[in-house]
Structures are given as C-alpha cells and as structure tokens.
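> Got a structure for you, questions after.
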Amino acid sequence: MELKQMRYFVALAEELNFGRAADRLHITQPPLTRNIKALEDELGTALFVRTTKGAELTDAGRALLAEVPNILALSSRASEQAQLAGQGLIGRLDVGIFSSGVLNVIPRLLADFHTQRPTVKIGLHNMSKAEQIAALRDRRITIGFNRLVPQEPDIAVDWVQREDFLVALYDSHPLVERKYITLKDLDDEPMILYPNAPVHGLAQEVATAFRTEGYTLRVEQEVEDVVTCIALVASRFGLCITTESAANLRLPGVVYKRLKSPILKQIELSCLYRMEDSSPVLLSFLELIRQARSKRISVNY
C-alpha cells in the first residue's frame, strides 16, 4: 500500500465522488480510478461501491478509513522531523565544560543557541580535558570547551576567545595597591595553582613562566578548579594567577589585578570536536561560535 494510494483513498472516501476527489488532488479521474482499483486488488476486497452519484464506502473501506489518516499523519511527521534534523533544528548537543569555562562566554553561547534552536536539547557535562577528548571519541559529547588542548589526529580544535591573565589577591595584601602585577612581584610569594591534573594546563604554564623569567614559584596549594582556588585566596592561603573570566567570581575579600608578563600574555579558550562529525546541530553551533568571535574582533578593532 503506497502513500499516494492512501492519499487518493482518503480524498475519495471524504468526497464520495470521483470528480470532486480528482479535483481536490489536482489530477484527472483515470489515474484516481487506477490507483483505487490497484489498492482494492492488493487488499483483495472492495473499498467502494460505485453508485450513480459517485461512490459509497464498504465495511472494508470504513475500516481502512479509520487507520489511514493516522498513517499519513505519521508519515508527514517523519518527513518533517527528518527535514528539521537535516537543518540542525532538532536533535541534541552534548557539551563538555570545565569549571572556569562556565564563568564567561560559554553560557552566553549556549543561551544564544537555545534561543535560535529551542527544540535542540542541550546536555552539559563537567569534564577535565582528558575526559573531554575520551568522551568525544566515545561519542558521549558533541563538543568540548577547554584551554591548552593538545593536538590529536582525530580531534579538531578552534579558538573561541582570548583572555588576559589576572592575579587574584586577598584585599589586605600589599600588592593590591599596584596597578598591575609582574612575576617579580610574585617571587617567593605563596601561590595557589590549578588545575592539579596530569595533562599540560594553566598550572604548568605558570610554572614555566616563573622558571623562564628567573623567579621562584612557591607553591602553597594545588587544587583542581578555579572556584576552590579563588576561595583559598579569599581565605588568605596565598595568591593565584588566573584568567579574565575568573573575575566573575566576586568572592568577598578578593581583588583582581592585571598580570604583566612577557610569557603569560593571553590564553585561548578553545572548542574541540570530532574531525569527521558533520552533524547539522554541531555545524550550526560552530557557525554561532564563529559569528560571536567575529563580533568580538570587530568590537576590539
């Protein structure tokens, strides 16, 4: 039973007149008659009784009419869903995030994407850099956000935003009077580093900068995330080098100053995704990221 035959059947069943049904379908009567006859032959029963005024449904015809509209509606919905999925208007976007990444641009990007495509379901997953790469390969997430992402043969990496470095100090520290802070100012100061992870990250960048500029990095604490780090600064355990987005953590007693260093100038926030992934939802989100990046560039210049 073909969809075309079902549509012809419904038109005739509702009009009960071959001429009116043909007009409704924008066809002539002969193809309508042929398709109804073919449908009756396939089912092995008559669906209509021909009368001088047109046609009447048989019991078999009435039974079929009770089901066919539902089939046509399901077919139409399946077609619409396929088209929407092909346009990236429905589906799912699973996003790997990390602690300080949710303090600035990522929530804005997700909010804009949700506004543009409200029927796409968004799932958020708090993951380390290594976990994001593994999750991409296992197809547990669609895209990840992180910094200092290592090169991988099957993972594409694109930059989202560049941020300046800041120093977080507790408000009674003598350095809060400075307009900016240098690594020389931080020589042998108790420092809190994050993230405490085996892969290369911000902590390793800070350590390299101290070593390169010839100053002593005195590590007081190593923690896993920026929230814990800034909380320890507020508790006067030490100072920390962080990124601009961390300044959105307005904890009482914490002051942020710009870092001036020839080594630690800016750090990129990147997105990472599978190279072979061509899903419309991902491509739509990547386009949004590029548009947002272009706007920031135009504002800065």
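> Could you give the dipole magnitude of the chain about its Cα centre, charging the beta-carbon of Lys and Arg +1 and that of Asp and Glu -1, in debye to the nearest 20? Before the final figure, lay out the partial values.
Working: 36 positive and 37 negative charges, 163 e Å.
Dipole size: approximately 780 debye.
> Semi-axes of the equivalent ellipsoid for the range 3-85, please: Cα gyration tensor eigenvalues, times 5, square-rooted, ordered largest first, whole Å. Could the numbers behind the result be given before it?
On the way: eigenvalues 115, 44, 24 Å².
Working from the Cα gyration tensor, I get semi-axes of 24, 15, 11 Å.
> Relative contact order of the chain: what whole-number percent is it, with Cα pairs under 8 angstrom and at least 6 residues apart? It would help to have the intermediate numbers written out before the result.
Working: 467 pairs, mean separation 63.7, N = 301.
With pairs under 8 Å counted, the relative contact order is 21 percent.
> Among the listed pairs Lys121/Lys257; Lys129/Lys179; Lys4/Lys121; Lys121/Lys265; Lys129/Lys257, which have their C-alpha atoms separated by more than 29 angstrom in this model?
Working: Lys121/Lys257 39 Å; Lys129/Lys179 33 Å; Lys4/Lys121 34 Å; Lys121/Lys265 37 Å; Lys129/Lys257 27 Å.
As for pairs spanning more than 29 Å Cα to Cα, those are Lys121/Lys257; Lys129/Lys179; Lys4/Lys121; Lys121/Lys265.
> Residue farthest toward the positive end of the dipole of the chain, with Cβ of Lys/Arg at +1 and Asp/Glu at -1: which of His26, Leu89, Gly201?
His26
> For n ≥ 4 DSSP H runs only, could you compute -39500 (n - 2.57) per run for the chain, divide by its residues and tell me the 222 nm figure to the nearest 500? Before the final figure, lay out the partial values.
Working: 10 runs with 125 residues, N = 301.
-13000 deg cm²/dmol, from helical runs alone.
> Which is the longest part of the chain that has none of the GluC sites (Glu not before Pro) sitting in a DSSP loop with at most 16 other Cβ atoms within 10 Å?
Working: sites that count: Glu2, Glu67, Glu224, Glu276.
It works out to 68-223.
> Once you charge only the Cβ atoms, +1 for Lys and Arg and -1 for Asp and Glu, what is the size of the charge dipole of the range 3-85 about its Cα centre, to the nearest 20 debye? Working shown, then result.
Values: 10 positive and 10 negative charges, 45 e Å.
With Lys and Arg at +1 and Asp and Glu at -1, about 220 debye.
> Mind telling me which of Arg258, Arg211, Arg274 comes out most flexible in a GNM of the chain, alpha-carbon contacts under 10 Å?
Taking springs between Cα atoms under 10 Å, the residue moving most is Arg211.
> Turning to a different aspect of this structure: What shape does the chain have by the C-alpha gyration tensor, where a ≥ b ≥ c are the square roots of the eigenvalues, rounded means a/c under 1.5, and otherwise prolate means a/b greater than b/c and oblate the rest? If you can, show how the numbers build up before the last one.
Values: a/c = 4.35, a/b = 4.09, b/c = 1.06.
Note, shape of the chain comes out prolate.
Just so you know, all these numbers are worked out from the coordinates, no wet-lab data involved. Just so we're clear, the structure is a prediction, and the values are computed from it rather than from any experiment. Glycine also receives a Cβ, built like all others from the backbone with ideal geometry; neighbour counts cover every protein chain displayed.
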